[in-house]
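> A single structure is presented below for examination.
The values are calculated or read from the model by the stated rules, or taken from the named source; none is laboratory data. Model, not experiment: these values are computed from the prediction. Ideal geometry is used to build each Cβ from the backbone, glycine not excepted, and the neighbour counts take in all protein chains shown. The protein model used for the area step is the full one, side chains on, heavy atoms only, and it has no ligands, DNA or RNA in it. Shrake-Rupley method; radii C 1.70, N 1.55, O 1.52, S 1.80 Å.
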Amino acid sequence: MTTILQKTGLALGLITGLAIAAPAVAEPVDYAFDPSHSQLVFHYNHFGYSTTWGMYSGFDGAIVFDAEAPAESSVEVSFPVDSMITGWDERLAHFMSPDFFGGEGKDMTVTFKSTSIEVTGDNTALITGDLTLNGITKPVVLDTTLTNDQPNPMTNAPALGFYATTTLLRSDFGVELYAPMVSDEVQVEISLEAAAAAE
């Protein structure tokens, strides 16, 4: 009897020890965008003369980041199209007119929601998602680089940084006026920071 009890105790001890020694599997972490350090910049060619730029800043969004399985991560963002910054009031007014994004009954919200992530390197991935713009939803692929994955030195809280690019055809979203003289292709660059969401 003693021998059986001793062996049983030894087995339980080994199991417990192995459980303690086994490395913990990291759980996915929720991150919220830092609106003060998240920008989307776009540019397009104007009649072959110049490159015209615009920007969105201060938008909010959320990332679920799985460091152990990055392909299982996700990202979601939304912002009003009329928060666009163009540097020229008349241009912004034209963009928000019925010629482009404005007009009665128009959906003035831009959203992006990831649908899949293809990891392409140690810190790179192709993020595919549904972009809704001007009330039209189309798949878009973001060529993305993880620029930082360390605690923020100011707060010591977990933080992430990303840089992403894509090319959109504005005609896909019903804003093709003046194309192709004003380029149909719009180049998009995104730089953002995100901090671990408060529990």
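> Calculate how steeply helix 2-21 sits against the longest principal axis of the alpha-carbon atoms of the chain, using the helix alpha-carbon long axis, and give the answer as 0 to 90 degrees to the nearest 10.
Taking the Cα atoms of the chain, the angle to 2-21 is about 20 degrees.
> Please list Met108, Met154, Met181, Met84 from largest to smallest accessible area, probe radius 1.4 Å, with all protein chains kept in place.
Sorted descending by solvent-accessible area, the residues read Met154, Met181, Met108, Met84.
> Measure out, as a whole number of angstrom, how far apart the alpha-carbon centroids of region 34-85 and region 147-199 sit.
Cα centroid of region 34-85 versus Cα centroid of region 147-199: 3 Å apart.
> Given the whole protein assembly as supplied and a 1.4 Å probe, what does the accessible area of Ser50 come to in Å², nearest 10?
Number for this one is 50 Å².
> Could you state the orientation-averaged shadow area of the convex hull built on the Cα atoms of the chain, in nm² to one decimal?
Average projection, Cα convex hull of the chain: 16.6 nm².
> What whole-number value in cubic angstrom gives the convex hull volume per residue for the C-alpha atoms of region 104-194?
Hull volume over Cα atoms, normalised by residue count, gives 131 Å³.
> Per DSSP H run of at least 4 residues, take -39500 (n - 2.57); add these up for the chain, divide by its residues and hand me the 222 nm value, nearest 500 deg cm²/dmol.
After summing the helix terms and dividing by residue count, I get -4500 deg cm²/dmol.
> A follow-up question, please. With the full set of protein chains in place, find how many percent of the accessible area of region 86-130 is carbon and sulfur; take the probe as 1.4 Å.
51 percent
> Which FRET efficiency, nearest 0.05, do Gln187 and Ala157 yield, Cβ-Cβ r, R0 25 Å?
0.15
> Normalized C-alpha radius of gyration of region 28-89, against 2.2 N^0.38 Å?
Relative to the 2.2 N^0.38 Å estimate, region 28-89 comes out at 1.49.
> Using +1 on the beta carbon of Lys and Arg, -1 on that of Asp and Glu, and nothing else charged, what's the dipole of the chain about the Cα centre, debye to 20?
The calculated dipole for the chain is roughly 440 debye.
> Okay, moving on. Mind giving me the FRET efficiency for Ser116 and Glu90? R0 is 35 Å, r the Cβ-Cβ distance, nearest 0.05 is fine.
Between Ser116 and Glu90 the formula returns 0.30.
> Once label points are set 7 Å from the Cα along Cα→Cβ at both Ala71 and Trp53, what is their separation, rounded to one decimal in nm?
3.7 nm
> Sticking with this structure for a sec: So what is the relative contact order of the chain, in percent, for Cα pairs below 8 Å that sit 6 or more residues apart?
Relative contact order comes out at 21 percent.
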